[in-house]
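Reviewing the structure listed below.
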2 protein chains.
Amino acid sequence: MSNKEKIKVGFIGLGGRGSGVCSDTFADMVDMDVEIAAICDFFEERVNTIAEKLVGKNIPKPFCTTNYKELLEQDIDAVVILSSWSTHIDIAIEAMEKGIYVGLEVGGVYAMNDCWRLIEAHERTGSQLMFLENCCYGQRELMALRMFREGVFGEVVHCSGSYSHDLRSEITDGKEKKHYRLGNYINRNCDTYPSHDVGPMMKILDINNGNRFVTLSSFASCAKGLKDYIKRHKEPDDPLQMLEFKQGDVITTVITCANGETIQLTLDTTLPRFYSREFTVRGTKGSYFGLCDAVFLEGEHDEFEGSAKGHNLYKNGNEFANRYCHPLWHNYTPRGGHGGMDWHVFRAFVESAKKNARPPIDVYDAASIMCLTVLSEQSIAKGGAPMDVPDFTRGKWYQRKDIDFDNPYNLDRQYPLAEYVF
Amino acid sequence: MSNKEKIKVGFIGLGGRGSGVCSDTFADMVDMDVEIAAICDFFEERVNTIAEKLVGKNIPKPFCTTNYKELLEQDIDAVVILSSWSTHIDIAIEAMEKGIYVGLEVGGVYAMNDCWRLIEAHERTGSQLMFLENCCYGQRELMALRMFREGVFGEVVHCSGSYSHDLRSEITDGKEKKHYRLGNYINRNCDTYPSHDVGPMMKILDINNGNRFVTLSSFASCAKGLKDYIKRHKEPDDPLQMLEFKQGDVITTVITCANGETIQLTLDTTLPRFYSREFTVRGTKGSYFGLCDAVFLEGEHDEFEGSAKGHNLYKNGNEFANRYCHPLWHNYTPRGGHGGMDWHVFRAFVESAKKNARPPIDVYDAASIMCLTVLSEQSIAKGGAPMDVPDFTRGKWYQRKDIDFDNPYNLDRQYPLAEYVF
């Protein structure tokens, strides 16, 4: 296994997400172990803007192209694919076929076969793919993971979470270039975006490493949020006024797992609300409730300290995020976006790519997450019928062991360690 | 329609709940419009205790019996049935057949036919049955109902809620008389207790009055909480150590409605946690989130004031419970248990019984709620298959109009009224 000191990275897709990842997060790694070797977007203007921004940071101008196939021909070790949901699968497969280490930005798929094609490309070529789910590295999510691993929650039987983010303004604001979700929301009805909530749960529930998703059932509320928003906030002659949306405002999904745990997910993006991932872990000795950022532990908390009476539990997440600070957040100060999660996920990607090793969120995890969108669409279309979740490991799940997911920096992750307890 | 000034009430079932309802809540109404005419329990000791307690309060000793059939032979106008889940249906039907106005304490059923039998008894005899769901009268629930009726939430597309109550100690504490849930949890696997969460939603969603439940899907996590609790908290030779439980720790249920709304319910009673009903109403202009007791209104709150950043929303429920105080809570000071909800639900029962009128939570509502337990059991047994919810109104739901549910005291419920806005 190679272990490069520095890797050459290409970037495909320089929209809102891609431009920040490339010219901020990865630019911050140029003095460490990354060379920004090549950049690509369908729109030349975007490529030029990023190239200028990099040069302005005294970073050598990368190879620039509007054709991703040209980028994949360059001498690069790894590629970060941040293009649209409808293009990133084909690009990822082509990259794997060229032996390039792939980082794939999150999103669902449109057809189950795309998940199998990712698996086949990996198994045929031996190339690795990491699914870049930053929320797996969220501070609260890793706090909960550490607490679970130390047995603080006891046995975990249920997890829930959501992608709750009011996107009404974002979706309807684009003038000429319409937001990518707009077409999805006009034509589809499903959990288009399950990875931020389900990703971190998979690590606690050992999905694909001793456990697996078995069934998925999904339910959509009626679709009123976007239409109502457009009616009230856009001009009467705005073409948006003509649109009808299939996408329900609240998508509720339940997954059952081979070891008996249940998972409940919510997609909630077209109603007014505050942002929350509602990351929740329920165990026999304790729980974390993301919506009210509360840890509840048997023996430490009283049932009526909670929401019913004194409300004292609310926001004690801060206290526990210190007490059970995960080594990644304790030992490394993240730079870059989304409160530091981005730094951690992209560092895990770079460290894995340098070793050309199995990444902490691998191609089987990617397929297991991305397929949920298609299954959600099918289940909703069938009135909530439970759908079988494919076993992308083809039977290997009950013998596979997770690699050291939350230890990409080769930390000695033997906790509890006294110094973590503030 | 009769309109009695005072009604004679009988009570069947004087366990934990029944004794409080009879000798506290109804005893407080004796100087108003209630005569406690007869009391009954299978255990004579309980009957004697309550009789003594009433006499101690200078209330005339009621007719006492251990045979409910004897009680139903007495000259009573109404009966409150607080006996076990497995007996209260038969008793309710017998009472209706005798023309007695029935109040039925909450709980699910064991067989769908019992719901139909209630409907048939009502339609055959004309006797009324009120389902005594106190949480319909909760302060936050009625705040949300008022806000909804005033249009503050816009169109409501989704509701969620739970019965989240750590009952591990209660269930395992009985020595000779085992807790009634114990047998259920050993033998069944379902949402045994959906009424506290779904009841209040039905009023917002106009269930049985222009809308109805269409499908139910239910999912059970593995059952580890009770066994783990017993192992850690009971003596090694306690017979409880031998028990296995079928009841999953977290039951997740999704209901779809005829008008396109979705409902998500959770039963969560065998893991350590704080009490919450998590009553949540999601609309196109605003929402209430029970878990963190937060109102979020478009234009008034910012999405990042919420849990993601400042946490300023938490607990603003108090502020809104004042601003949108429901007339029932504004004009009447409740006495008795469960923070006042009991007072309101039993006052609604008494007011309805005095008029012998259709009650605010009627026999169709009762059947619609109680059947959810059976459907949940069936859906879980079928791997989450969606079950059809019967239309107990047999087609009348889309023409039926709700009676003035939250106005049992004949309030002039024209709001907004200036005096309600503190």
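Here are a few things to note about the model shown:
- Every pair of different Cα atoms in the protein assembly as shown enters the Kirkwood calculation, which places the hydrodynamic radius at 28.8 Å.
- Lysines whose Cα lies under 23 Å from that of A:LYS231, excluding same-chain neighbours fewer than 8 positions away: A:LYS175, A:LYS177, A:LYS178, A:LYS246, B:LYS285
- Here is how far apart the B:LYS401 label points are across copies: 7.0 nm, shortest first, using a point 7 Å from Cα toward Cβ.
- For A:LYS224, a cut-off of 13 angstrom between C-alpha atoms picks up these aspartates and glutamates, skipping any fewer than 8 places away in its own chain: A:GLU244, A:ASP249, A:ASP268, B:GLU155, B:GLU261.
- Binned Cα-Cα distances of segment A:223-373, short to long, each 5 Å bin given as a whole percent: 2, 7, 10, 12, 14, 16, 15, 11, 8, 5, 2, 0, 0
- Exercise: per-residue mean of other protein chain Cβ atoms within 10 Å, B:252-259: 4
- Alpha-carbon centroids, segment A:159-233 and segment B:106-122: separation in whole Å: 39 Å
- Evaluated with a Cβ-only charge set (Lys, Arg +1; Asp, Glu -1), the protein assembly as shown carries a dipole of roughly 420 debye about its Cα centre, given to the nearest 20.
- Gaussian network model of chain A, springs between alpha carbon atoms under 10 Å - residue of A:GLY15, A:GLY99, A:GLY299 with greatest fluctuation: A:GLY299
- Springs join every pair of Cα atoms under 10 Å in this Gaussian network model of chain B, and among B:GLN264, B:GLN74, B:GLN247 the largest mean-square fluctuation is at B:GLN74.
- Segment B:39-125: chymotrypsin sites (Phe, Trp or Tyr not before Pro) falling in loop per DSSP and having at most 14 other Cβ within 10 Å: B:PHE43
- Taking every C-alpha pair closer than 8 Å and separated by at least 6 residues, the mean separation divided by the residue count of segment B:150-255 gives a relative contact order of 33 percent.
- Other residues whose C-beta falls under 13 angstrom from the C-beta of B:GLY108 contribute a net charge of -4, scoring Lys and Arg +1 and Asp and Glu -1.
- Inter-copy label distances at A:GLU45, shortest first and taken from points set 7 Å along Cα to Cβ: 8.4 nm.
- Charge tally for A:SER23 (other residues, Cβ to Cβ under 9 Å; Lys, Arg +1; Asp, Glu -1): +1.
- Length-normalised contact order for segment B:1-158 - Cα pairs under 8 Å, 6+ apart - percent: 19 percent
- Here chain A carries DSSP beta bridges of which approximately 50% are antiparallel, counting only pairs with both residues inside.
- Shape of chain A, Cα gyration tensor, a/c cut at 1.5: rounded
- FRET efficiency estimate (nearest 0.05) - Cβ-Cβ, B:GLU300 to A:LYS401, R0 51 angstrom: 0.55
- Along chain A, the longest continuous region that contains none of the GluC sites (Glu not before Pro) in a DSSP loop with at most 15 other C-beta atoms within 10 Å is A:6-149.
- For segment B:119-212, trypsin sites (Lys or Arg not before Pro) are listed when DSSP marks them as loop and at most 10 other Cβ atoms sit within 10 Å of their Cβ; the list is B:LYS175, B:LYS177.
- Tensor-based shape of segment A:176-267 (alpha-carbon gyration tensor, a/c under 1.5 rounded, otherwise prolate or oblate): prolate
- Length-normalised contact order for chain A - Cα pairs under 8 Å, 6+ apart - percent: 21 percent
- Global form of segment A:1-95, assessed from the alpha-carbon gyration tensor, a/c cut-off 1.5: oblate
- Each other copy places its own label point for B:ALA381 at 3.2 nm from this one, sorted shortest first, where the point lies 7 Å along the Cα-to-beta carbon line.
- Counted by Cβ distance under 10 Å from B:SER352, the other residues give a net charge of +2, where Lys and Arg count +1 and Asp and Glu count -1.
- Segment B:1-79-segment A:271-290 distance, computed between alpha-carbon centres (Å): 44 Å
- Once backbone amide H atoms are built at 1.01 Å from N, B:VAL106 has B:LEU132 as its partners under 5 Å, excluding neighbours fewer than 5 places away on the same chain.
- For A:282-291, mean number of other protein chain Cβ atoms within 10 Å: 6
- Max mean-square fluctuation residue, GNM over chain B, Cα-Cα springs under 10 Å, options B:LEU243, B:LEU216, B:LEU14: B:LEU243
- Residues in the protein assembly as shown average 36 Å² of solvent-accessible surface per residue, probe 1.4 Å, ligands and nucleic acids excluded.
The values are calculated or read from the model by the stated rules, or taken from the named source; none is laboratory data. All of these numbers come straight from a predicted model, not from anything done at the bench. Cβ coordinates were reconstructed from backbone atoms using ideal geometry, including for glycine residues, and neighbour counts include every protein chain displayed. Quick note on the areas: whole protein, heavy atoms, side chains included, nothing else; ligands and nucleic acids left out. Shrake-Rupley method; radii C 1.70, N 1.55, O 1.52, S 1.80 Å.
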